[in-house]
Amino acid sequence: MMFIELFLSEGALDPAQRLRVARRLGTIHELGAGDPDSGGDEMAPRSAAVFASMFQVVVHEPQIWVAGEHSLTEQDPPHCLVRIHVPGPWRKDMSETLISYATRIVSDEFDDRDLPYRRPTVQVHVLGVSEGSIGMLGKMVKSEDLVEMLSDPYRDDLEVGKALRDPMCGVLVPLDDNTATVEIDGELYAFCCRGCRAEYLAKREKAARP
């Protein structure tokens, strides 16, 4: 569901740093922390375990890298490209968070951590995979199928009134002390993260404007 490719210019990071970045890019907690307004949201534990099982990260170090008409060497500032493949319908809503989280993780390994925010040495491309073009478990998987896979751990909770479906992403969310919720006109809404809640409220506010 989340396939991440990390391209690094020669000598940009040593082997230990490359491994550390790859592991962090594939960690669900880091994804939540990547949104500066999220407060470090975390998905419900059982759904998070399913989500994490779908993460894959691959690291490349091309022998040739040209930037600004100049062939980079180990003496040049480190350059990086992160390509993040997500289900097409999710791309627009996830892009800002994914760009923030990937840039932060990579820049943490640079001697000059502010460099990627001053110069375009780190690029992040969020690529939407067309519906019907993702395959897992030997079959085609659509975005709605992925939502149901993330919801599976909480179906029993739903039956006994201990879970609700997130009105933004559709994932089942357990009703516990850590769940982001909001009550509107006497009806309780639950969300997989505060980001989904904020987006839902923003959309309701926009729809209510004359």
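Structure above, values below:
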| quantity | calculated |
| --- | --- |
| C-alpha long axis of helix 91-107 to longest principal axis of the chain, angle in ° | 40 |
| Accessible carbon and sulfur surface of the chain relative to its total accessible area, %, 1.4 Å | 49 |
| Square roots of 5 times each gyration tensor eigenvalue, C-alpha, the range 158-210, largest first, Å | 21, 11, 9 |
| The chain: projected area of the alpha-carbon convex hull, averaged over directions, in nm² | 15.0 |
| FRET efficiency, residue 206 to residue 75 (Cβ-Cβ, R0 45 Å, nearest 0.05) | 0.35 |
| Exposed-loop-free span, longest in the chain, where trypsin sites (Lys or Arg not before Pro) count as exposed if DSSP calls them loop and at most 16 other C-beta atoms lie within 10 Å | 1-112 |
| Between 0 and 90°, nearest 10: helix 15-25 axis offset from the chain longest Cα axis | 20 |
| Cα centroid separation - the range 79-130 against the range 46-72, whole Å | 10 |
| For the range 122-210, the Rg and Dmax computed from alpha carbons only, in angstrom | 15.9, 49 |
| Percent of alpha-carbon pairs separated by more than 23 Å within the range 76-187 | 52 |
| Overall dimensions of the range 48-104 as given by Cα atoms, namely Rg and Dmax in Å | 15.2, 44 |
| Distribution of pairwise C-alpha distances over the range 85-142, 10 Å bins, in % | 21, 37, 25, 14, 2 |
| In the range 46-151, the GluC sites (Glu not before Pro) that fall in loop regions by DSSP, at most 10 other Cβ within 10 Å | 69, 74 |
| Interchain or long-range residues, amide H under 5 Å from residue 141's placed H | 134, 135, 136 |
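The values are calculated or read from the model by the stated rules, or taken from the named source; none is laboratory data. This one's a predicted model, so the numbers in the text were calculated from it and none came from an experiment. Neighbour counts are summed over all protein chains in view; Cβ atoms, including those assigned to glycine, are modelled from backbone coordinates with ideal geometry. All accessible areas refer to the heavy atoms of the entire protein, side chains included, with ligands and DNA or RNA removed. Shrake-Rupley method; radii C 1.70, N 1.55, O 1.52, S 1.80 Å.
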